[in-house]
2 protein chains.
Amino acid sequence: MGIIVQKFGGTSVGSIERIQHVANRVIAEVNNGKEVVVVVSAMGKTTDELVQLAKQLTNHPNKREMDMLLSTGEQVSIALLAMALEAKGQRAVSLTGWQAGIQTEAVHGNARISHIDTARIKAHLQEGKVVIVAGFQGVTTDGEITTLGRGGSDTTAVALAAALEAEKCDIYTDVTGVFTTDPRYVKQARKLQEISYDEMLELANLGAGVLHPRAVEFAKNYQVPLEVRSSMAEESGTIVKEEVSMEQHLIVRGIAFEDQVTRVTVQHLPKDLQTLPAIFTALANRGINVDIIIQSTTSSETTSVSFSIHTEDLQETLEVLQSWEGIDVEHESQLAKVSIVGSGMISNPGVAAQMFQVLAAKGIEVKMVSTSEIKISTVIAQEKMVAAVEALHVAFQLEEKEAVVS
Amino acid sequence: MGIIVQKFGGTSVGSIERIQHVANRVIAEVNNGKEVVVVVSAMGKTTDELVQLAKQLTNHPNKREMDMLLSTGEQVSIALLAMALEAKGQRAVSLTGWQAGIQTEAVHGNARISHIDTARIKAHLQEGKVVIVAGFQGVTTDGEITTLGRGGSDTTAVALAAALEAEKCDIYTDVTGVFTTDPRYVKQARKLQEISYDEMLELANLGAGVLHPRAVEFAKNYQVPLEVRSSMAEESGTIVKEEVSMEQHLIVRGIAFEDQVTRVTVQHLPKDLQTLPAIFTALANRGINVDIIIQSTTSSETTSVSFSIHTEDLQETLEVLQSWEGIDVEHESQLAKVSIVGSGMISNPGVAAQMFQVLAAKGIEVKMVSTSEIKISTVIAQEKMVAAVEALHVAFQLEEKEAVVS
């Protein structure tokens, strides 16, 4: 009998009514003859509320204790979903991360799954129960509770699907699939029928918010087929898989964007080989996510480096940089990152040039650029973000219907 | 270095400000040179809120899943208290029930602690950390999360004090100690300086609500000295210990009472030896707490039995009794239990008679009576409850100052 892993996000389990709706979705899959493992996030805004409680106590909460605190959110959801299923006559059992055998490395706040011992899950499946696993959390070999970082429930679901050799991992969310860009901002956005792991990875990394990048990486490594679909609407979603049939001319597949970006520029850096790695190591040790990094050396005795961070990390970043003498630090907030993604870029030169032209025609200054084989990211003023996305959406013909060979 | 166990109830950790206040209390004990283990309950009304969530899904939530759900409440508290202590410069670590090695029997909703493996707690104490343990919860040998039932955090604290051979267990609560009766209802109520385990046990069992009875039993068995004291006011509380100095004439030490009592009477029971045990076994299997049981056999062919239950268990009780044919079931709700307690009763006959006279003089009908060596319980109309307690408080001279030989 095939195993299906279903993952429901915080919005999907945001109320008692929605949990009952999720229970129906789960039972439908059981009635299809599947063994079902369900991964759920914390209800609605629970995680944010817990973070707020902690922030009332301290600006720098102990990360171990944050994991202790935040992991309760998913534990509430799994218990309620199990009750909802039992109330509908479906046998079910909920398991926390440690009960489900989800072992992680000994890092708090952003741990990676190191191993899943599936024995307990399999035993419950054999009893004919739906197994509900708390997303976002795991346990170290020392019995410490860890969390997987933002969007970690996706990772839990995909990792379980891989470990259980599931047929498929369905990611239920509050949107109906992966879109060419965020439909909340750009009304021309169109749902994609398929997308490749690589493209999804770039979009996920770029803040598209539909899927956690680590989850996509996991899915790609273990070739777990994903479907991103709506927990509310009864329609097919977007399949994420290795090879995607694609129209020739569709070079760009999606546009991702995120606000609350800050650019930090460090000047008068000594040109030795130690300083630059030391700075980024210090930032990493504080858990600060540095995104784009730009350095260009000139003939002067010192050099400069610019990088982008989430604006919420600015204060901590400045604290870290204060410990270096002789450097000048400058920063600019109210920025946004806008990125175009598509596997087709590899064989189509000039995409970057076209992107800059589109932005220039709208009077938008590009403050930073970063490229990979299948994406181009630009940092621009936050107030121009949506206008930039709309212009790029038109220029790269994303509103047109794709011709998928099924 | 001596170990002190401190327990703080839900009201004491009911807000961020109160948690900070608790942190100060903990640090004061550390500054006294003690190793401190802190047990906390869920914040304020958290447990009630979680129960309400479950009730929206089902009237009979799966007990395993209720434990999964409710145990999150204490986990939030321990994490926040650890953060509060760290923010004040005191190293601390929080542990859930399973992390703290609190093993229980495999019963959900009302498990008993079977064993405490103190290794992890001791290791953290040796690192100079305050150890904060989630009250009310434990784990079975199969890794299932259990809860200890209402007031279980008291039991956690006393059991830890016993297992760690602590000097003392301080139970911090929202009252300043153990009173002759509940001061919220009877303004003449007076705080006791000392009370014996046995008296406290009767008062705890009788719904005085200050201490969980199982905790008192544990304390008595392991001779753990308790102090019940206020988490707000800086004053000494009530010491609970084996032998209490006592004035000769103070026969009654306290008056306990509780409302929401229902009397159930089963008539036309066959006079065989099986039916009565079968009924109470069936009730026990459904987790229904039967309190007072009264049976008096007559010469007729059948017999009858009356017992009291919490009104909230009435519906389930009636369901259980429906399965017996030929019996008649009658019930009366809106009742209350009022009990007088005191070790002095053993050597003073006539206390029951005096109690009945006091109630009769107030026109209060006694509907059920139950006695032990050191307590007499009566079931009366709920609307007369406070009047009965006030009259008994005066009659047994409880408002007078006790003469403790210290």
- Query: Mind checking whether some residue in segment B:136-144 is under 14 Å from the mean Cα position of the chain (by Cα) and either closer than 22 Å to B:Glu227 by Cα or within 14 Å of chain A (Cβ to nearest Cβ) (or both)?
  - Reply: yes
- Residue that is nearest to B:Asp154 (Cα to Cα) [pool: residues in segment B:179-212 that are without any contact (Cβ under 8 Å) to a residue 60 or more places away in the chain and in contact with a helix residue (DSSP H, G or I) (Cβ under 8 Å, 6 or more places away or on another chain)]: B:Val210
- Residue pairs within 8 Å by beta carbon, gap of at least six or interchain, first lying in segment A:281-296 and closer than 14 Å to A:Phe307 by Cα, second charged (D, E, K, R), listed first then second, are A:Ile288/A:Asp313; A:Ile288/A:Glu316; A:Asn289/A:Asp313; A:Asp291/A:Lys337; A:Ile292/A:Lys337
- The number of residues in segment B:181-218 that are closer than 16 Å to B:Gly344 by Cβ and open to solvent by less than 40 Å² (accessible area, probe 1.4 Å) is 10
- Among the residues of segment B:1-25, count how many are more than 14 Å from chain A (Cβ to nearest Cβ) and either charged (D, E, K, R) or touching a helix residue (DSSP H, G or I) at 6+ places or on another chain (Cβ under 9 Å) (or both). 12
- Item | Residues (more than 20 Å from B:Ala119 (Cβ to Cβ) and either hydroxyl-bearing (Ser, Thr, Tyr) or part of a helix (DSSP H, G or I) (or both)) located in segment B:159-194 | B:Tyr172, B:Thr173, B:Thr176, B:Thr180, B:Thr181, B:Tyr185
- In segment B:196-234, what residues are assigned to a loop (DSSP other than H, G, I, E, B) and within 13 Å of B:Asp170 (Cα to Cα)? B:Val210, B:Leu211, B:Val224, B:Pro225, B:Ser231
- Query: How about segment A:322-342: which of its residues are among the hydroxyl-bearing types (Ser, Thr, Tyr) and open to solvent by less than 40 Å² (accessible area, probe 1.4 Å)?
  - Reply: A:Ser333, A:Ser339
- Query: Which of the residues belonging to segment B:38-78 are outside any helix (DSSP H, G or I) and over 22 Å from B:Val139 (Cα atoms)?
  - Reply: B:Gly44, B:Lys45, B:Thr58, B:Asn59, B:His60
- Task: Please enumerate the residues belonging to segment A:68-81 that are more than 8 Å from every other protein chain (Cβ to nearest Cβ), open to solvent by less than 10 Å² (accessible area, probe 1.4 Å) and not small (Gly, Ala, Ser).
- Result: A:Glu74, A:Leu81
- Task: Determine whether segment B:64-81 contains at least one residue that is free of Cβ contacts under 8 Å to residues at least 60 places away in the same chain, assigned by TED's automatic domain parsing to the domain that holds B:Lys122 and touching a Lys or Arg at 6+ places or on another chain (Cβ under 8 Å).
- Result: no
- Note on the structure: Selection from segment B:88-119 of residues free of Cβ contacts under 8 Å to residues at least 24 places away in the same chain and more than 27 Å from B:Asn285 (Cβ to Cβ) yields B:Gly89, B:Gln99, B:Gly101, B:Asp117, B:Ala119
- Task: Scan segment A:47-60 and give yes if some residue there is within 11 Å of chain B (Cβ to nearest Cβ) and open to solvent by less than 10 Å² (accessible area, probe 1.4 Å), otherwise no.
- Result: yes
- Mind listing whichever residues of segment B:82-134 are open to solvent by less than 50 Å² (accessible area, probe 1.4 Å), more than 11 Å from every other protein chain (Cβ to nearest Cβ) and not in a loop (DSSP other than H, G, I, E, B)? B:Ile102, B:Thr104, B:Ile113, B:Ile116, B:Ile121, B:His124, B:Leu125, B:Val130, B:Val131, B:Val133
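The values are calculated or read from the model by the stated rules, or taken from the named source; none is laboratory data. On a predicted model such as this, the values are computed, not experimentally measured, just so you know. A quick note on method: Cβ atoms are made from the backbone with ideal geometry, for glycine too, and the neighbour counts reach across all protein chains shown. Ligands, DNA and RNA are stripped out before the accessible areas are found, and what is left, the full protein with its side chains, is counted by its heavy atoms. Shrake-Rupley method; radii C 1.70, N 1.55, O 1.52, S 1.80 Å.
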